[in-house]
């Protein structure tokens, strides 16, 4: 959507307002897949490496009557969903095939995000090399948590005010567990970067490769 140049001659405020309205209208008329990409979400189906397991997780959640209230779709009965989650996968594919527009599903857009896109931990797991892992509270990981705290102390203390070297394992593991449940997106890009830096132990022996192109997908630091 474009705007006549003369519109901006009316004044900066009017120009900014017109541009904001135009962007809002453009987003509303976008397809679901375009809107998700614009907002930095990553589709489960785009990550074959972990997709099978993630669809199973979505199925488990969808079938859990104590937790599925914010996920249920009117035309997908939770009792009809298999443990593999194929029915959810099919629904997601129908929503994100480029033919469904946001305006037609805006009432269930948040459900589409939760059913069809990757959480922060899932996103990072899809980029794991052999030997990479999420840190746990297992005693053998204590030194790793301490090392991460010492390396990132200034940034960590901005997020976790009472974090110290002594309680790093408990404070950081609690932070990580909470942030894993958020969805990887532009809105959560800083949190996603924190998870990458503070919650994951990279295999230092893994071969170093150059940057990989992944279309318009956001990088782990975004």
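The values are calculated or read from the model by the stated rules, or taken from the named source; none is laboratory data. In this text, all values refer to a predicted model and were calculated from it rather than measured experimentally. Counting neighbours? That spans all protein chains shown, and the Cβs are built from the backbone with ideal geometry, glycine included.
When the range 164-179 is filtered for residues that are closer than 11 Å to residue 148 by Cα and either under 16 Å from the mean Cα position of the chain (by Cα) or crowded, with 19+ Cβ neighbours inside 10 Å (or both), the ones remaining, listed by number, are 168, 169, 172.
May I ask you to verify whether residue 132 is loosely packed, with under 13 Cβ neighbours inside 10 Å and not assigned by the TED database to the domain that holds residue 49? So that I can check it myself, show each step before the final result.
Numbers: loosely packed, with under 13 Cβ neighbours inside 10 Å: no; not assigned by the TED database to the domain that holds residue 49: yes.
It is false that residue 132 is loosely packed, with under 13 Cβ neighbours inside 10 Å and not assigned by the TED database to the domain that holds residue 49.
Taken together, the criteria place residue 100 among residues that are in contact with a strand residue (DSSP E or B) (Cβ under 7 Å, 6 or more places away or on another chain) and closer than 26 Å to residue 30 by Cβ.
Residues in the range 190-206 that are more than 19 Å from residue 147 (Cβ to Cβ) and crowded, with 16+ Cβ neighbours inside 10 Å: 191, 192.
In the range 76-105, which residues are surrounded by fewer than 17 Cβ atoms within 10 Å (Cβ to Cβ), part of a helix (DSSP H, G or I) and in contact (Cβ under 8 Å) with a residue 24 or more places away in the chain? Across the range 76-105, the qualifying residues are 86, 93, 103, 105.
Here is the figure for the range 158-172: residues that are touching a residue at least 24 places away in the same chain (Cβ under 8 Å) and under 17 Å from residue 191 (Cα atoms) total 2. When 108, 148 are checked against the criterion of being assigned to a helix (DSSP H, G or I), surrounded by 13 or more Cβ atoms within 10 Å (Cβ to Cβ) and touching a residue at least 40 places away in the same chain (Cβ under 8 Å), 148 stands alone in meeting it.
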